[in-house]
Amino acid sequence: MGFFKDVRKLQKQAKEIDKTWDPGASMAQSVQAMQSASAMMEQQTLAARLAVEGEAASAQVTAARDTGQLINMQPAIEISLLVFLEGQPPYPVTLQQVVPMVQVGRLAPGIRLAVKVDPRARESIWIDW
């Protein structure tokens, strides 16, 4: 008798879940997460190119905010920087980047970081962790 009671209990729980579950919203949320992950991967490809071809500069952290996303168990952080490129006035850039867990503490406002800048698109920045 215990087995059938458990089956009935599971059926009741499933019906309760069905009342509040919205498959359309779940699908939309999944699509948004995939688009975000795709954009982050595109940024990582750009970062790899900048690591080799970018122009050396420095940047001062003005703000950092966790986006709540993890990619390969590393947090994706929105970072606001003031970039100092030789021979040009400092300019602000905000980017989202996957940050190694051991480097998250370096994102305090006022900290200087070594960066590489895309000479063709100054808003494209790679942080040299």
Filter result (open to solvent by less than 90 Å² (accessible area, probe 1.4 Å), farther than 30 Å from residue 125 by Cα and hydrophobic (A, V, I, L, M, F, W, C)) within the range 1-51: 7, 14, 25, 28
Six or more apart or on different chains, Cβ under 6 Å: which pairs go from a residue in the range 69-86 that's within 13 Å of residue 124 (Cα to Cα) to one that's of a type in the set (Phe, Trp, Tyr)? Could you list them? 83/91
Test of understanding: among 51, 33, which residue is in a helix (DSSP H, G or I), under 30 Å from residue 109 (Cα atoms) and in contact (Cβ under 8 Å) with a residue 60 or more places away in the chain? 51
Every residue from the range 97-113 that is part of a strand (DSSP E or B) and either of a type in the set (Gly, Ala, Ser) or open to solvent by 80 Å² or more (accessible area, probe 1.4 Å) (or both): 112
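Taking the condition assigned to a strand (DSSP E or B), surrounded by 10 or more Cβ atoms within 10 Å (Cβ to Cβ) and in contact with a strand residue (DSSP E or B) (Cβ under 9 Å, 6 or more places away or on another chain), does residue 65 pass?
On the way: assigned to a strand (DSSP E or B): yes; surrounded by 10 or more Cβ atoms within 10 Å (Cβ to Cβ): yes; in contact with a strand residue (DSSP E or B) (Cβ under 9 Å, 6 or more places away or on another chain): yes.
The answer is yes for residue 65.
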Name the single residue that is farthest from residue 102 (Cα to Cα) among those in the range 68-80 being of a type in the set (S, T, N, Q) and surrounded by 13 or more Cβ atoms within 10 Å (Cβ to Cβ). 80
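Residue-by-condition table, conditions (1) hydroxyl-bearing (Ser, Thr, Tyr); (2) touching a Phe, Trp or Tyr at 6+ places or on another chain (Cβ under 6 Å); (3) assigned to a strand (DSSP E or B); (4) open to solvent by less than 80 Å² (accessible area, probe 1.4 Å):
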{"residue": "82", "(1), (2), (3), (4)": "no, no, yes, yes"}
{"residue": "92", "(1), (2), (3), (4)": "no, no, yes, no"}
{"residue": "95", "(1), (2), (3), (4)": "no, no, yes, yes"}
{"residue": "115", "(1), (2), (3), (4)": "no, no, yes, yes"}
{"residue": "122", "(1), (2), (3), (4)": "no, no, yes, no"}
{"residue": "129", "(1), (2), (3), (4)": "no, no, no, yes"}
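The values are calculated or read from the model by the stated rules, or taken from the named source; none is laboratory data. Here the structure is a predicted model, which means the values were calculated and not measured. Because the Cβ atoms are built from the backbone with ideal geometry, glycine has one as well, and the counts that use them run over all protein chains shown. Ligands, DNA and RNA are excluded from the accessible area calculation, which covers all protein heavy atoms including side chains. Shrake-Rupley method; radii C 1.70, N 1.55, O 1.52, S 1.80 Å.
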